Amino acid sequence: MKIEDAMVLAAGLGTRLRPITDTMPKPLVPIAGKPMIDYGLDALADAGVTRAVVNVHHFADQMTAHLANRTVPDIILSDETEQLMNSGGGLARGLKLLGADPVLVMNADLFWIGETPGEKTNLQRLAEGFDPERMDMIMLCVRLEDTTGHNGKKDFSLDGEGRLTRYREGSGSPVVYAGALALMPSLLDDAPDDAFNLNIYFDRAIEKGRLFGIMLEGHWITVGTPEAIGAAEAVIGSFREALA
């Protein structure tokens, strides 16, 4: 399935990244010379996404100014300056700015490196793997050993048919949610107007056997604390050296 719409969840306060986020929003923190959010937006553009909603709250003026410089994808702002909506509420509000076509959803504070040049990207594979007839959502997942900056938690168990359940020891292959998924906007038609966590919809999909996953190619990076910046940049540097 070709997906041309996306939403990037970027409105969080980034409290664990203080004091850096006392003066700038977390998605604009540079990692190896590039703001975090641009890794994700570039990946969306490479996957064929032409427009993306980005929600803003913390230092929204800085986010707005930065995003105004992008041409691909076309950016639509979802303003949460008056009230943070959490992951689910932010997504539900943002999807109202798009149409009924399928959507890729990404978190702004993570990205990956090491995809094989010339092959389909992780997001292209995610889009192609989405089958709304049998799935509520399909998630990009990663092995714990292929992560940098993660807290060590295993989020889901992936079975042989690609279905996901909450992680339990000895049940399927343990995976970490890589912060990217595909869904139909209509899935959230019944969402409340207030802030809520998207995990509610993850659990509903699991109950119906309609949460699926595919494995990420490459190495996944998340930056939650100031100390994690050095680790992320070291990994990026090692991958760049290997390609040189």
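Any read-out appearing in this document is the output of simple, stated calculations on the displayed coordinates, not a laboratory observation. What you see is a predicted model, and the numbers here were worked out from it, not measured in a lab. Here the Cβ positions follow ideal geometry from the backbone for every residue, glycine too, while neighbour counts run over all protein chains shown.
Listed options for Rg and Dmax of the Cα atoms in Å are (i) 17.6, 54; (ii) 18.4, 58; (iii) 17.0, 50. The value calculated from this structure is the one marked (iii). Distance between the 7 Å Cα→Cβ label points at Glu207 and Ala32: 4.2 nm.
One decimal place: the segment Asp193-Phe239 gains 12.3 nm when fully extended, by the rule 0.36 nm per residue minus the C-alpha distance.
Each other residue within a Cβ distance under 14 Å of Glu133 adds +1 if Lys or Arg and -1 if Asp or Glu, for a net charge of +1.
Loop-located trypsin sites (Lys or Arg not before Pro) across the stretch 208-244 with a Cβ neighbour count of 11 or fewer within 10 Å are Lys208, with loop assigned by DSSP.
Among residues other than Val72 whose Cβ falls under 14 Å from its Cβ, what is the net charge (Lys/Arg +1, Asp/Glu -1)? Taking every Cβ under 14 Å from that of Val72, the sum is -4. Peptides 188-198, 133-143, 71-81, 17-27 ordered by packing proxy, namely the average of other Cβ atoms within 10 Å per residue, highest first: 133-143, 17-27, 71-81, 188-198. Where only DSSP H runs of four or more residues are counted, the chain gives -8000 deg cm²/dmol as its mean residue ellipticity at 222 nm, each run worth -39500 (n - 2.57). Name the long-range amide H neighbours of Leu84: under 5 Å, sequence gap of 5 or more, or other chain; modelled H, no Pro or chain starts. Those qualifying (amide H under 5 Å, at least 5 residues apart or on another chain) number zero. What net charge is computed for the residues neighbouring Arg166, neighbours being all others with C-beta under 13 Å from the C-beta of Arg166, Lys and Arg scored +1, Asp and Glu -1? Here the count lands on 0. Between the stretch 63-87 and the stretch 138-158, the alpha-carbon centres lie 27 Å apart.
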